[in-house]
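Below is one structure, written out as structure tokens; the observations come after it.
The values are calculated or read from the model by the stated rules, or taken from the named source; none is laboratory data. These numbers come from a predicted model, not from an experiment. Ideal geometry is used to build each Cβ from the backbone, glycine not excepted, and the neighbour counts take in all protein chains shown. Please note that ligands, DNA and RNA were not included when accessible areas were found on the heavy atoms of the full protein model with its side chains. Shrake-Rupley method; radii C 1.70, N 1.55, O 1.52, S 1.80 Å.
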Amino acid sequence: PAAARRGSWALPAALVRRGGLVGGRWVETAAAFPVQDPASGEELGRVADCGPAEAREAVRAAHEAGAAWGRLPAKERSLRLRRWYELMLENKEELARIITAENGKPLKEAQGEILYSASFLEWFAEEARRVYGDVIPASAKDRRILALKQPVGVAAIITPWNFPSAMITRKVGAALAAGCTVVVKPAEDTPLSALALGELANQAGIPAGVYNVVPCSRQQTPAVGEVLCTDPLVAKISFTGSTATGKILLKHAAGTVKRVSMELGGHAPFIVFDSANVDRAVAGALASKYRNSGQTCVCTNRFLVQKGIHDEFVEKFAKAIERELHVGSGFDAKTTQGPLINEKAVEKVERHINDAVSQGASIVTGGKRHSLGKNFFEPTLLSNVSTKMLCTQEETFGPLAPVIKFDTEAEAIAIANAANVGLAGYFYSQDPAQIWRVAEQLEVGMVGVNEGIISSVESPFGGVKQSGLGREGSKYGIDEYLEIKYVCFGGL
């Protein structure tokens, strides 16, 4: 197969699967859809194009496996998840190559994602044994009150392409630890990572039907998504993706009143106050903005820099971009900036730049497509940006950093909070009083103070406003997959 003819960066044949995973079996379909390398446009192979029938079959398989999995002692579920984690570490190089091939991110970033991804299986393997209930003091002498926590049931997991492994394990680790079973619908651009995780789940002894995967093409996605959100056997939906799609799924899920958690779009502000250490702010800005070529939900989308240090920050930021960022194939060791996922993503970056320049913004560095190919774009920095420009009103999801100059703290807070979404926010300051004020006033679910990278397995990940519902990771993440049952013992 084509995937095996790739020299030093060949896809690992032992982990590459082409069929869906339903009830522990690899399922082929009459049609298949192509998976492409975004760097070269080369077809990596074709994957089974599952439709509503396969989705319903996967839901039934998960439902049938649920009773036995949920009744397993927590220690046993923990050991299976722990073994899955160990297998991910043993195969981390192979899994990273799959991510870089189908997603395009630099191999070093892909390796980091696999370690991050595996850490959720490790974390929730431990949390599986800490699902505690309560004994509640009763008001009557002859009663005892208990609160038990039990799995919600089958969970439908719908994941994006930008972190094709970590967005699965962050959800699935919690679900399986709680005693739920899952049906995963991976993004059409990056199904190979989800299927490779399925192969390792089988090897880890995760029982048939507990982890199911239904890959599908863009054309089949709406129908498959509707099945997962309306089938009465599905008790829970967990989705990461755009706010617009999340609203559609919420409408579908309402018909059967499913539990829902969603991590939706962001529009992260990055505020640099006059009191900031400018060099540290530049380093944080570089990490926050350009990781995965700007294609993360928590990437900075708007830089707000106070007038006293504005010029110094822009000058140093531009020099850091030109010195430290290197565009290329993710398999090139020097690359820090891989391709965008597709040409549509490139076109959005171009549209935001053209709109800003037409309204008076200045291109400090970058600003155009890279000569390497149609999906590559130069890391770009804009100054003289206003809040009327598209790049400060919409999430770009690309390597574009627009800088807005502001005068006062109150002005910066007002600009930052004007968005109808609130996932992550960042600011740099060395004034303790200001740090408390701003951290409390920013309308986001996660705040980075003098730090540009904030995601970790121990931390609750999620947003406010239209950035979603619920939290993932941390000790709170498992609660999204548990119901509380009240038990009253009377006549004692």
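State all residues of the range 321-377 that are polar (S, T, N, Q) and in a loop (DSSP other than H, G, I, E, B); if no residue qualifies, say none. Let's see the steps before the verdict.
Initial filter on the range 321-377 (polar (S, T, N, Q)): 329, 335-337, 342, 354, 358-359, 362, 365, 371, 375.
The answer is SER329, THR335, THR336, ASN342, GLN359, SER371, ASN375.
Answer yes or no as to whether ALA223 is assigned to a helix (DSSP H, G or I) and either open to solvent by less than 10 Å² (accessible area, probe 1.4 Å) or within 25 Å of GLY104 (Cα to Cα) (or both). Don't jump to the end; show me each part of the working.
Values: assigned to a helix (DSSP H, G or I): yes; either open to solvent by less than 10 Å² (accessible area, probe 1.4 Å) or within 25 Å of GLY104 (Cα to Cα) (or both): no.
Here the answer is no, as ALA223 does not meet what is asked.
Looking at ALA125, ALA155, ALA177, can you tell me which residue is modelled with pLDDT of 95 or more and within 26 Å of THR221 (Cβ to Cβ)? Spell out the reasoning first.
Working: ALA125 fails: within 26 Å of THR221 (Cβ to Cβ); ALA177 fails: within 26 Å of THR221 (Cβ to Cβ).
Residue meeting the stated conditions: ALA155.
What number of residues in the range 45-78 are open to solvent by less than 30 Å² (accessible area, probe 1.4 Å), closer than 16 Å to ASP231 by Cα and touching a Leu at 6+ places or on another chain (Cβ under 7 Å)?
Residues in the range 45-78 being open to solvent by less than 30 Å² (accessible area, probe 1.4 Å), closer than 16 Å to ASP231 by Cα and touching a Leu at 6+ places or on another chain (Cβ under 7 Å): 2 in total.
Please go through the range 237-255 and give me each residue that is assigned to a loop (DSSP other than H, G, I, E, B) and open to solvent by less than 60 Å² (accessible area, probe 1.4 Å), ordered by number. Walk me through how you get there before you give the answer.
Filtering the range 237-255 for residues assigned to a loop (DSSP other than H, G, I, E, B) gives 241-242, 255.
Of everything in the range 237-255, those that are assigned to a loop (DSSP other than H, G, I, E, B) and open to solvent by less than 60 Å² (accessible area, probe 1.4 Å) turn out to be GLY241, SER242.
Only one residue in PHE461, PHE397 is on the phi > 0 side of the Ramachandran plot and outside the structural domain of ARG71 (by the TED database). Which one?
Details: PHE461 fails: on the phi > 0 side of the Ramachandran plot.
Of PHE461, PHE397, the one residue that is on the phi > 0 side of the Ramachandran plot and outside the structural domain of ARG71 (by the TED database) is PHE397.
Tell me the strands (runs of 3 or more DSSP E) entirely within the range 388-491 that contain at least 1 residues that are of a type in the set (Val, Ile, Thr) and within 30 Å of GLU122 (Cα to Cα). Spell out the reasoning first.
Working: elements: 400-406, 424-428, 446-449, 482-489.
Qualifying strands (runs of 3 or more DSSP E): 446-449, 482-489.
Hey, any hits in the range 332-354 for a residue that's surrounded by 22 or more Cβ atoms within 10 Å (Cβ to Cβ), touching a strand residue (DSSP E or B) at 6+ places or on another chain (Cβ under 9 Å) and either free of Cβ contacts under 8 Å to residues at least 12 places away in the same chain or within 24 Å of ALA276 (Cα to Cα) (or both)?
no
Which of the residues spanning the range 437-458 are open to solvent by 80 Å² or more (accessible area, probe 1.4 Å), over 24 Å from VAL278 (Cβ atoms) and touching a residue at least 24 places away in the same chain (Cβ under 8 Å)?
From the range 437-458, those open to solvent by 80 Å² or more (accessible area, probe 1.4 Å) are 437, 440-441, 443, 451, 458; that's our starting set.
Still in the list and also over 24 Å from VAL278 (Cβ atoms): 440, 443, 458.
The answer is GLU443, GLU458.
Which members of the range 34-44 meet the condition of being surrounded by fewer than 20 Cβ atoms within 10 Å (Cβ to Cβ) and out of contact with any strand residue (DSSP E or B) (no Cβ under 6 Å at 6 or more places or on another chain)? Let's see the steps before the verdict.
Here is the first cut: in the range 34-44, the residues surrounded by fewer than 20 Cβ atoms within 10 Å (Cβ to Cβ) are 34, 36, 40-43.
Residues satisfying the conditions are SER40, GLY41, GLU42.
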